[in-house]
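These notes are about the structure you will find just below.
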Amino acid sequence: MRHQHTVQVRILDRDYTVACPPEAEDGLRAAARHLHDKMTEIRHSGKVLGVERVAVMAALNLIHELRQELQAQQLPEATLDRLLSKLDNALET
């Protein structure tokens, strides 16, 4: 049986124990710090009350940022696909 590796992280004044592979620990700690920072920012804005609501707003903001990044990365890929298609058409004629 494989030993379960656990990591302690602190997010918005609460400690969490999270299981992860040893090689993923640095990434998990970085993600926890990023989430903590986002939740602290939202809590300090004074517009959202309650830890649960702060967590939901942080999750929405982070997912929105991730989707924007993914869309920005796909745009050059779509452009490359279009250019390759034009090149293929030009070579066929």
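The values are calculated or read from the model by the stated rules, or taken from the named source; none is laboratory data. Since this is a predicted model, take the numbers as computed values, not measurements. Don't worry about glycine lacking a Cβ; one is built from the backbone with ideal geometry, like all the others, and counts go over all protein chains shown.
Worth a mention:
- The combined condition, being out of contact with any Phe, Trp or Tyr (no Cβ under 9 Å at 6 or more places or on another chain) and outside any helix (DSSP H, G or I), is not fulfilled by residue 40.
Residue by residue, here is whether (1) over 30 Å from residue 15 (Cβ atoms); (2) without any contact (Cβ under 8 Å) to a residue 24 or more places away in the chain holds:
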| residue | (1), (2) |
| --- | --- |
| 50 | no, yes |
| 54 | no, no |
| 60 | no, yes |
| 72 | yes, yes |
| 75 | yes, yes |
| 89 | yes, yes |
| 92 | yes, yes |
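- Selected residue [touching a residue at least 12 places away in the same chain (Cβ under 8 Å) and in contact with a Cys (Cβ under 6 Å, 6 or more places away or on another chain)] from 12, 35, 28: 28
- Flag set for residue 9, criterion: among the hydrophobic types (A, V, I, L, M, F, W, C), surrounded by 10 or more Cβ atoms within 10 Å (Cβ to Cβ) and touching a Lys or Arg at 6+ places or on another chain (Cβ under 7 Å).
- Scanning the stretch 32-89 for residues that are within 23 Å of residue 17 (Cβ to Cβ) and acidic (Asp, Glu) yields 37, 52.
- Residue-level check: of (1) part of a helix (DSSP H, G or I); (2) surrounded by fewer than 10 Cβ atoms within 10 Å (Cβ to Cβ), residue 58 misses just (2).
- Selected residue (only one of 53, 33 is at pLDDT 95 or above, surrounded by 13 or more Cβ atoms within 10 Å (Cβ to Cβ) and more than 16 Å from residue 5 (Cβ to Cβ)): 33
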